[in-house]
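Taking it in order: structure first as structure tokens, then the write-up.
Where a number appears in this text, it was derived from the coordinates with a stated rule and is not lab data. Owing to the predicted nature of the structure, the values given are computational and were not obtained by experimental measurement. Because the Cβ atoms are built from the backbone with ideal geometry, glycine has one as well, and the counts that use them run over all protein chains shown.
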Ligand code: PXP
């Protein structure tokens, strides 16, 4: 993507599957949500197949790959099981994330330093299969340096701490966290690594972070699926796309 163009929007449909799984059975269908999201302007679809299958199931990944016409971003832990499923599914991209059974969502970025060799092996294996690998990392220069050493062409900066600080009105911490994101995005560009961002983003935070010129993709799920309850998914995605475009075009956030 050329600098100045609008960041791509990847829509994460995990929580449609969360609602489906609350009752078992087949509905609401995350693949139908993906198709609706694409019709509403999503540039890609993201789904996280967790080890415990708490939302997305193996068959969802298979159907997403077969039934959607935009890039599929397969979020996964770098385990042998998940690498094997990814090699079989052949998504456009894999985003490697840390995973703990007890967490409610992905807490923190990958341990790219302690897990260096393991992540390097998984990255090489997926890359050999033509899958673009991104590493979900904390916004820290040493994490960017480790990602470069691992050989990842893409990083996704974890925006969760920044979004949390804003949610709880911790202005100084929010300012500090945003600075970290800005510095990490610049460091990624300097290292020749494509920079994405995601976690906890809403209309306002998506708009603000889109002002960072190095960010080429945002992955957003929970807020959009929640907003869809009130406005419908298509309207939520249209408003999100407008917020991202406004942020990239230098328009101030609404709050
Ligand atoms: N990016 C990554 C790597 C994630 O793990 C998640 C959560 O599944 C997201 C983006 C989306 O986060 P949220 O659902 O909070 O928008």
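Its alpha carbons give region 7-52 an Rg and a Dmax of 11.2, 36 Å. Taking 201, 96, 36 in turn, the Gaussian network model of the chain (Cα-Cα springs below 10 Å) assigns the largest fluctuation to 36.
A full extension of the chain between residue 103 and residue 168 corresponds to an added length of 21.4 nm, given 0.36 nm per residue minus the alpha carbon distance.
Only counting other Cβ atoms within 10 Å, I'd like 123, 18 sorted with the fewest neighbours first. Could the numbers behind the result be given before it?
On the way: 123 23, 18 16.
In order of increasing Cβ crowding within 10 Å: 18, 123.
Sorting 161, 149, 102 from the fewest to the most surrounding beta carbons within 10 angstrom yields 102, 149, 161.
Let me have the relative contact order for region 117-255, percent, based on Cα pairs under 8 Å that are six or more residues apart.
Details: 204 pairs, mean separation 27.9, N = 139.
RCO, region 117-255: 20 percent.
Which ordering of 208, 215 is given by a fewest-first count of other beta-carbon atoms within 10 Å? Before the final figure, lay out the partial values.
Numbers: 208 21, 215 28.
The fewest-first ordering by Cβ neighbours comes to 208, 215.
Highest mobility in the GNM of the chain, judged by mean-square fluctuation with C-alpha springs under 10 Å and restricted to 234, 66, 140, is found for 66.
What FRET efficiency comes out for residue 121 versus residue 19 if R0 is 41 angstrom and r is the Cβ-Cβ distance? Round to the nearest 0.05. Given R0 = 41 Å and the Cβ-Cβ separation, E is 0.70. Determine the shape class of region 1-125: with a ≥ b ≥ c the square roots of the Cα gyration tensor eigenvalues, call it rounded for a/c under 1.5, and otherwise prolate if a/b is greater than b/c, oblate otherwise. Oblate.
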